[in-house]
1. So for the chain, averaging the separation of alpha carbon pairs under 8 Å that are six or more residues apart and normalising by length, what relative contact order in percent results?
2. Return a whole-number percent for the relative contact order of segment 1-53, with Cα pairs under 8 Å and 6 or more residues apart as the contact set.
3. Given the -39500 (n - 2.57) contribution per DSSP H run of 4+ residues, what per-residue ellipticity at 222 nm results for the chain, rounded to the nearest 500 deg cm²/dmol?
4. Can you give the FRET efficiency for Arg340 and Leu289, using 1/(1 + (r/R0)^6), R0 = 41 Å, r = Cβ-Cβ distance, to the nearest 0.05?
5. Can you give me the C-alpha center-to-center distance between segment 276-350 and segment 237-264, rounded to a whole angstrom?
6. Using the beta-carbon distance between Asp87 and Arg2 and R0 = 30 Å, what value does 1/(1 + (r/R0)^6) give for FRET efficiency, to the nearest 0.05?
7. Once the piece of chain linking Val332 and Val101 is laid out straight, how much longer is it, given 0.36 nm per residue of separation minus the C-alpha distance between them?
8. By the gyration tensor of its Cα atoms, with a ≥ b ≥ c the square roots of the eigenvalues, what is the shape of the chain: rounded for a/c under 1.5, prolate for a/b over b/c, or oblate?
Amino acid sequence: MRAWTSAEIPTLAVTGPEVSLHDTATQGRVTATPTGTARLYVCGITPYDATHIGHANTYLAFDLLNRAWRTAGHPVRYVQNVTDVDDPLLERADKVGVDWVELAERETELFRQDMEALRILPPAEYVGAVESIPLVIDLIQRLDAAGAIYRVEDDLYYAVSADPAFGRESNYDRETMLRFFGERGGDPDRAGKKDPLDPVVWLGERPGEPSWESPFGPGRPGWHIECAAIALEHLGGAFDVQGGGSDLVFPHHEMCAGHTQVVSGEPFARVYSHAGMVAYGGEKMSKSLGNLVFVSALRNSDIDPMAVRLTLMRHHYRTDWEWTDDQLWQAVDDLATWRRALSLGAGAAAGPVVTEVLAALADDLDAPRATAAVDAWAAATLGTDGLADTSDPDAAATLLPVLDAALGLTV
Ligand code: ZN
């Protein structure tokens, strides 16, 4: 599937430090130093609706990682999926009376435009679930050979008991697992399952729903097996970072890890990294509550996408926070201040700001700290807190490429 167009990334004269990240599985800090090319997988959208700020927050977090690795001198291989066939998509298509393929294509295209506007670097491989069905079938067959697959009527299930490491990615107790499994697309009450937590990997054909031929009968892939098959094919095992929103910790990432660990005998990823949730109007942004702020709606209101990007970067990626319009207007003002300072050419010493920005990003993607360093430089340059400091004649020329390459901001 076609990704979106990449922004040009300036080559920097400096090299950033190695990146350390918080790992969900070990609940600790891990230096995510790749050997050779860094390999990153981030779970993509189910394209039944437009990109909201919660999505943008997640893709921005891993864009900062992508950029921090590149700044540290590592080439990056980034893979993202599109769940272009799944229950929420089929339900929405049915509800609004649109062909599901048409709906998926339309919303995926809008997502591409949103990502491009926010200057999120595109994945090298942008892979749809439908085009990956042969990979899914192959992985199910390998899991079956390992004794991890069983049938309930026309559906195939994966037995979580097949993976000795089950539960190590999320660290949740069984009660929490059962709650999240039920809330996030699972079917804990299905009769005939060996364990209520076992997820479906192949859903037998349902009347009126799309299906594909397979050795197990006509049907379509489950959600977790889709990402496991795509990641294994395009990145191999034990890749560097598996990323996504914190609502994917369980069951999605736990099941993806299990599927691949059972067939490969090695960990799915070295680090499991999760972005926080964004609330709006007092509740987590979600389709069911209808409290969504769409990136495309902001773009259509002539909001500078760089102000949207800066608003997101004012929050550490792992925190849960609430979007307010005031924060967006503050970011518009802050960008104007930065632009005013940068337009002078000369300014306060830029070298220490570059060091601080790159160090902050390498330190578990601390964008609030990185952007605060730019605020302080702009204030010193403009003399907001006293005399204007223009002692560095090349300040803007030094800073602009770093803001672009490391923070993804054109100012
Ligand atoms: Zn996924």
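No lab work stands behind these numbers, since they all come straight from the coordinates. As the structure is a computational prediction, the values presented were derived from the model and not from experiment. Cβ: placed from backbone, ideal geometry, glycine included. Neighbour counts: every protein chain shown.
1. Once normalised by length, the contact order is 20 percent.
2. Computed over segment 1-53, the figure is 20 percent.
3. Rounded to the nearest 500, the figure is -13000 deg cm²/dmol.
4. Efficiency for this residue pair is about 0.55.
5. Answer, in whole Å: 30.
6. 0.75
7. 79.4 nm
8. Prolate is the answer for the chain, as a/c is 1.5 or above and a/b outweighs b/c.
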